[in-house]
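The values are calculated or read from the model by the stated rules, or taken from the named source; none is laboratory data. This is a predicted model, so every value here is computed, not measured. Neighbour counts are summed over all protein chains in view; Cβ atoms, including those assigned to glycine, are modelled from backbone coordinates with ideal geometry. Surface accessibility is based on the protein's heavy atoms, side chains included, excluding ligands, DNA and RNA. Shrake-Rupley method; radii C 1.70, N 1.55, O 1.52, S 1.80 Å.
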Amino acid sequence: MTSMTSTAELERLSTRVVSEAIVRRFWNRVWNAGQLEIFKELVTENCLFYCGGNAIETQSKMINLIKQFRKEIKNFEFIIEDLFAYNQKVVTRWRIQGINNGFSEESYKGEPIELTGITIFELEGNKIKKGWLEKS
């Protein structure tokens, strides 16, 4: 028996694929490559992020957080370990590695550093609207 895919199923699939692509671009271009100029293309103006329970309520504050990470971790590398989506929610399990340049007081400056975390994004109109980021 051949199963037919309904229009609703195709729309869900399309939404999932687009949502995943937007989030991959956010991680790869903005975080990993430091191309902060495309942040506003990918994130809504009224975005809201939570990082370790702390609210980050504007695009400029989130851009500053990204700059801080990239400044305080030399040779910054963002690695997507897992990424999956359901409709307009995308979950990413990730790893950051580099050289401590003031990010962590638990290791000396100049020593290798690695962080792991999970982020859940909610998209609206093909842009990231909300994000919940937890790291270890």
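A compact table of results
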{"quantity": "Output for segment 86-95, where each listed residue is modelled with pLDDT under 95 and open to solvent by less than 70 Å² (accessible area, probe 1.4 Å)", "calculated": "87, 88"}
{"quantity": "Matching residues in segment 22-70 - criterion: being out of contact with any Gly (no Cβ under 8 Å at 6 or more places or on another chain), within 12 Å of residue 130 (Cα to Cα) and of a type in the set (S, T, N, Q)", "calculated": "46, 58, 59"}
{"quantity": "All positions within segment 28-52 that are β-branched (Val, Ile, Thr), free of Cβ contacts under 8 Å to residues at least 40 places away in the same chain and surrounded by 16 or more Cβ atoms within 10 Å (Cβ to Cβ)", "calculated": "30"}
{"quantity": "Those strands (runs of 3 or more DSSP E) lying entirely in segment 2-99 with at least 3 residues of a type outside the set (Val, Ile, Thr) and over 29 Å from residue 110 (Cβ atoms)", "calculated": "43-51, 73-86"}
{"quantity": "Failed condition for residue 56, given (1) of a type in the set (A, V, I, L, M, F, W, C); (2) within 17 Å of residue 121 (Cβ to Cβ); (3) surrounded by fewer than 14 Cβ atoms within 10 Å (Cβ to Cβ)", "calculated": "(3)"}
{"quantity": "Residue list for segment 70-82, restricted to those being of a type outside the set (S, T, N, Q) and surrounded by fewer than 16 Cβ atoms within 10 Å (Cβ to Cβ)", "calculated": "71, 74, 77, 79, 80, 81, 82"}
{"quantity": "Given (1) modelled with pLDDT under 95; (2) touching a Leu at 6+ places or on another chain (Cβ under 7 Å), index of the condition residue 63 fails", "calculated": "(1)"}
{"quantity": "Test: residue in segment 113-124 that is over 17 Å from the mean Cα position of the chain (by Cα) and open to solvent by 30 Å² or more (accessible area, probe 1.4 Å)", "calculated": "no"}
